[in-house]
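Trainee: Could you have a look at this structure, given as structure tokens, before my questions?
The values are calculated or read from the model by the stated rules, or taken from the named source; none is laboratory data. This one's a predicted model, so the numbers in the text were calculated from it and none came from an experiment. Virtual Cβ from ideal backbone geometry, glycine too; neighbours counted across all protein chains shown.
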Amino acid sequence: MAISISRIVQDLIDKDISIQHALEKGYGNYSAIARILKPMVEEMLGKKVKLESVITAVKRARVTYKPAYHLDVTSVIADSTINLRTDVAKISIEKTKRNMDTVRKMLTGFSQDEYVQIVEGMRTLTLIFDQKLIERIKSNFSLENVLGEKNNLVAIIITSPQKIVETPGCITSFYNALSRLHINIEETLSCSTETIMVLQLKDVGKALAALTNVISEARKMMEKLKSSRNSRLQVKGND
């Protein structure tokens, strides 16, 4: 059975929280959203489609966005804080048993004040650490095992409440803030309540401003909700 444009558009909207939010709140422009979705619709159908058909499908789409879910995300973001770790470097090495054993042994030799993070992939290991440790760390591996190296990086560390562990959508909000500015994230990892993004030094100013704005807007929204609730309780008490 052929897949309809409406079905594809509905599926795409169901997978995009930002579009759902825009439609649910009424600030989403149907034509603009359709232009965003049109290339994906054409790719999935394997043929060209008219923009008007996609616009019609967007208008008819059901919005499955849940405000309560968004409120959970907002409350987590509002209670988040940002810290920076400057003078960070990274190296990527082949993921072999020997290198993994070397990394494990190395970790026991670092003090609590020395910053070291490990990102483990299927074929590589990436070590993120204080730049002052670079020679000490590199000396443990042969040159042919080192796949890449970068210096003068900055780690942005976002610390959130424990609720982030069970609240989907929070980390995406942080990533989206940087994506909209076309900022490349060199490395990223999540450690319980910490979201860590490693960036080039030239991008830190823009990234920090964007992330600070996301948290600030979330706090404003929570304050408005708190004020609204207090007003309703006061009116109810007067009754």
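Trainee: Say whether the condition of being farther than 23 Å from residue 73 by Cβ, surrounded by fewer than 12 Cβ atoms within 10 Å (Cβ to Cβ) and in the same structural domain as residue 91 (by TED's automatic domain parsing) is met by at least one residue in the range 149-169. Even if it seems obvious, please write down each step before you answer.
Mentor: Going residue by residue through the range 149-169, those that are farther than 23 Å from residue 73 by Cβ are 149-155.
Then drop every residue that is not surrounded by fewer than 12 Cβ atoms within 10 Å (Cβ to Cβ), which leaves none.
No, because not a single residue in the range 149-169 is farther than 23 Å from residue 73 by Cβ, surrounded by fewer than 12 Cβ atoms within 10 Å (Cβ to Cβ) and in the same structural domain as residue 91 (by TED's automatic domain parsing).
Trainee: Checking residue 31 against (1) modelled with pLDDT under 90; (2) surrounded by fewer than 18 Cβ atoms within 10 Å (Cβ to Cβ); (3) not aliphatic (A, V, I, L, M), only one condition comes out false. Which one?
Mentor: (1)
Every residue, every condition in (1) part of a strand (DSSP E or B); (2) charged (D, E, K, R); (3) without any contact (Cβ under 8 Å) to a residue 40 or more places away in the chain, yes or no:
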| residue | (1), (2), (3) |
| --- | --- |
| 128 | yes, no, no |
| 155 | yes, no, no |
| 163 | no, yes, no |
| 172 | no, no, no |
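Trainee: On to the next question. Give 105, 90 a once-over and let me know the one that is assigned by TED's automatic domain parsing to the domain that holds residue 185, under 30 Å from residue 146 (Cα atoms) and assigned to a helix (DSSP H, G or I).
Mentor: That would be 105, the only listed residue that is assigned by TED's automatic domain parsing to the domain that holds residue 185, under 30 Å from residue 146 (Cα atoms) and assigned to a helix (DSSP H, G or I).
Trainee: Hey, another quick one. Take the conditions farther than 25 Å from residue 99 by Cα and hydroxyl-bearing (Ser, Thr, Tyr) and apply them to residue 216. Does it pass? Write out each step before concluding.
Mentor: Working: farther than 25 Å from residue 99 by Cα: yes; hydroxyl-bearing (Ser, Thr, Tyr): yes.
Judged against the criteria, residue 216 is a match.
Trainee: Still on this structure, I have one more. Quick check, is residue 48 part of a loop (DSSP other than H, G, I, E, B), out of contact with any Lys or Arg (no Cβ under 8 Å at 6 or more places or on another chain) and either of a type in the set (Ser, Thr, Tyr) or not assigned by TED's automatic domain parsing to the domain that holds residue 192 (or both)?
Mentor: So residue 48 fits the description; yes.
Trainee: Among the residues of the range 137-153 satisfying the criterion of being touching a strand residue (DSSP E or B) at 6+ places or on another chain (Cβ under 9 Å) and not in a strand (DSSP E or B), which is farthest from residue 197 (Cα to Cα)?
Mentor: Here the answer is 144.
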